[in-house]
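Take a look at the structure below.
Derivation of every value follows stated rules applied to the coordinates shown; laboratory data play no part. Small disclaimer: the values here were computed from a predicted structure and weren't measured. We place every Cβ from the backbone using ideal geometry, glycine too, and count neighbours over all the protein chains shown.
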Amino acid sequence: MSNIIKITIDGRECTARPGQTVLEAAAANGIYIPSLCRFEGLKPAGSCRVCTVRVGGRYQASCTFPVSEGMAVESAVPDLEDMRKAIVEMLFVEGNHMCPTCEKSGNCELQALAYRFRMLVPRFPYLFPKKAVEPAGSKLLMEQNRCIKCLRCATGIRTKDNKKVFGPLHRSVEKKLFVDPALASALPERWARKAMDRCPVGCILRKEVGFAVPVGRRKYDKAPIGSDIEKPRS
Ligand code: FES
């Protein structure tokens, strides 16, 4: 059996390996599909739906949907791009994202996607929910106003003895991120920084670190999100 699977993405012929997801195959072929909750190396949760594509007329989260021979994927088409933009807008109105005062501004994936989709005023009304800013042990601060419940931290941050430090609490609109302060305090410095870096927004912050990267040198000051994958089409 051949180890190469042929698919098309927006009509472009691509090759993929068995077991790859559509998003992984797209990236391997130099095609960027916007994503938010997914993080390289972590099992995808498929929770944000920003990566939605259309396959055979059905909507699928490309970060969890596996490739198959002859699959025709639609991705960079106007209605899907607008749906992604609407999801990003919803995330903005469901929280309180004060970008100019956020440590992660310029390094924030949600903000970078909003710029990518040229978001100006969201089409949904702001909800202005009441959220807390909570200390999480001696090293971290939880800015619940900005949490988008991607659960990257719950999946990817554990103690040496494999205990989860973060996890979801409650359901639906009440859902929030729980952190065990004792376990968070016991995280080695490298992992505390990792928790902050894995958070796509500015919800998990390392205490005593403020605006460490000057404007102009932040990740998305240098290049827009996705430009590391996108290559000029021949
Ligand atoms: Fe695929 Fe969030 S990146 S569902």
Checklist entry - How many nm separate the modelled label positions at SER172 and ASP197, each set 7 Å beyond the Cα in the direction of the Cβ? => result 3.9 nm
Checklist entry - What order do you get for MET142, MET98, MET71 when you list them from fewest to most C-beta neighbours inside 10 Å? => result MET98, MET71, MET142
Checklist entry - How far, in nm, would the chain grow between ASP10 and TYR115 when pulled straight, counting 0.36 nm per residue and subtracting the alpha carbon separation? => result 35.5 nm
Checklist entry - What number, in percent, do you get for the relative contact order of the chain if the mean sequence gap of Cα pairs under 8 Å and at least 6 apart is divided by its residue count? => result 20 percent
Checklist entry - Of all the stretches in the chain, which is the longest one without any exposed loop site, taking GluC sites (Glu not before Pro) in a DSSP loop (any state but H, G, I, E, B) with at most 16 other Cβ atoms within 10 Å? => result 70-207
Checklist entry - Modelled label-to-label distance, SER2 and LYS222, 7 Å Cα→beta-carbon offset: nm? => result 3.9 nm
Checklist outcome for this item: With bins of 5 Å, the percent of all Cα-Cα pairs of the stretch 1-94 per bin from 0 is 3, 14, 26, 25, 18, 9, 3, 2, 0, 0
